[in-house]
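Worksheet for the structure shown next.
Values quoted throughout were computed directly from the atomic coordinates according to the rules given, and no laboratory measurement underlies them. What you are looking at is a predicted structure, and each value in this text was computed from that prediction instead of being measured. Cβ sites come from the backbone with ideal geometry, for glycine too, and all protein chains shown count toward neighbours.
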Amino acid sequence: MAWAAPAGQARGGGSSSGLPLLLRERRLWSKARSSAFWDLVRAKAFTPWEWAENFRLGPATFDYLCGRLRGAIQRQDTNMRRAIPVEVRLAMTLWRLGACTEYRAVEQQFGVSRSTVCKILRDVCEAVVGLLTPAYVAAPETPEAAGFTLPQMAGVLGSLHVPIRAPNENAAGYYNRRGWHSVVLQAAVDSRGCFWDINVGCPGRVSDAQVLQGSELYRRAQEGVLFPSGARELSGVQVPVYLLGGSSYPLLPWLMRPYRAGELTPARRRFNEYAAAARTVAGVAFGRLRGRWRCLQKRNDTDVAFLPTLIAACCTLHNICEAHGDPFQPRWFPEEEEEQDEEEEQDEDEDRASEAGAAGQIREALLRTLRD
C-alpha cells in the first residue's frame, strides 16, 4: 500500500484543515493494466478460425469448459480488488498453453501480473485434471470400442519426450539419449487418436520399458484387472485384450510387439506391417497434441514438480477437442516431428523366454488370424 500527501498538506501530524493525518482516508495503490485483448475478443465476437488460432479450440468448447470448471476456478471479489472472471482465467490458460510464449507476453496480452498468470495457470490445470481427466482419459469398455481392425487390440502404447529446462536436482537423470533434458509422457491411444491412459513425469533418461514397469497401467494389467473378462479364443488360443507397442517394450500376454528383424518369415513380416500401420495413430496423436498445445514443443521452464499436471491437462484438453470436433489445422503440426525411433531391443534371453511362453503363443495366434 502506498500513500502520498495531497498538495498543501505537510507530512507531519496535521493539515491546513486542522484534521489529523490519521483521520484522512487512505487509498490503495495498484498498477493500472490493460485488458484490451480480452475486451477485443468480447466486442468483436471472434470467428471460429480466430478462436482456434488464439485459444486452439472453438467457442462452443470454450463455453463448455467454462461451465464445467467454473465452480473450481471462480474467485470472489475482495475489498482490495475485483476477481478476474472465469472466462479470462480460462482464456489466459489456453493462450499460454497454445502460444508457448513467456509469462511476460501473457501479462501484456491480458493485463494481469506475471505472478497472477502463474497462479491461474496452476489453478486451471489442476481443475482440468481433477474434474475432467477421469471422464475423458479412461480405458475403453471393450476392444471394439477402441476401433482397431486387429482382433482384441485395445490401444497403441507409445511415449513422448517433453523438453524441459535442466532441473536443479538430478539434472543428469533428465538428460535423454537424444541429447537434451526431458520428462516422459507414456500414453495408450485408441484408433481416434485419443489418450485413454497416461503416465507423466519420469525423467528422460529412463527407458520405455522402465517407464512402463513403474506405471499404474502395468500394475493393473499384470494383476489382470485392466480388462478382466475380455479374453476370446483365436486359432485355438485364449487371447486376452492387449496393447500394441514398439520394439522398446517387452513382449507380454497383454502387450504385443513386432517380431525381431533377424527372424522374419513372410507371415511375420506381414504381422509387422499390420503392427506398423496400427502404431501410426500414436505418432499422429502425439503430433496433434504438440501442435495444438505448443508449450510441449519447446523447452519448458515450468517447475518439474508441476509439469505432470500441466502435461496431463494438455492431454485431457486434446481429448476434449477431439470429442467436440474442434478442427486441427495441418500447419499446427511441429515443423520437425519428434524422432519416433525405438530404444534398443530387450535382452535377447528375455525375448526368447517370452516368445516361447504364453505371450509368444498369443502373438502366433494373432499372426494366424491375419493369414486366415
Under 5 Å between amide H atoms, partner at least 5 residues away or on a different chain: which partners does His181 have, H built in plane at 1.01 Å? Ile164, Asn176
Over every pair of different alpha-carbon atoms in region 91-133, take the mean of 1/r and invert it; report that Kirkwood radius in Å. 10.5
Find the percent of Cα-Cα distances in region 36-136 that exceed 23 Å, and round it to a whole number. 23
Shape metrics for region 143-371, restricted to C-alpha atoms - Rg then Dmax, Å: 17.8, 55
In whole angstrom, note down how far apart the Cα centers of region 218-296 and region 313-336 are. 23
Where nothing but the Cβ of Lys and Arg (+1) and of Asp and Glu (-1) is charged, how large is the charge dipole of region 143-371 around its Cα centre, in debye to the nearest 20? 580
Given H placed 1.01 Å from N in the peptide plane, which residues other than close sequence neighbours of Ser215 have an amide H under 5 Å from its amide H? none
Those trypsin sites (Lys or Arg not before Pro) from region 72-170 that are DSSP loop and have at most 13 other Cβ neighbours within 10 Å turn out to be Arg75, Arg81, Arg82
Treating every alpha carbon of region 74-191 as one equal point scatterer without solvent, the Debye formula yields log10 I(q)/I(0) values at q = 0.10, 0.12, 0.21 Å⁻¹ of -0.52, -0.71, -1.15
Most positive-pole-ward Cα, Met256, Val200, Ala312, against dipole of region 143-371 from beta carbon charges: Ala312
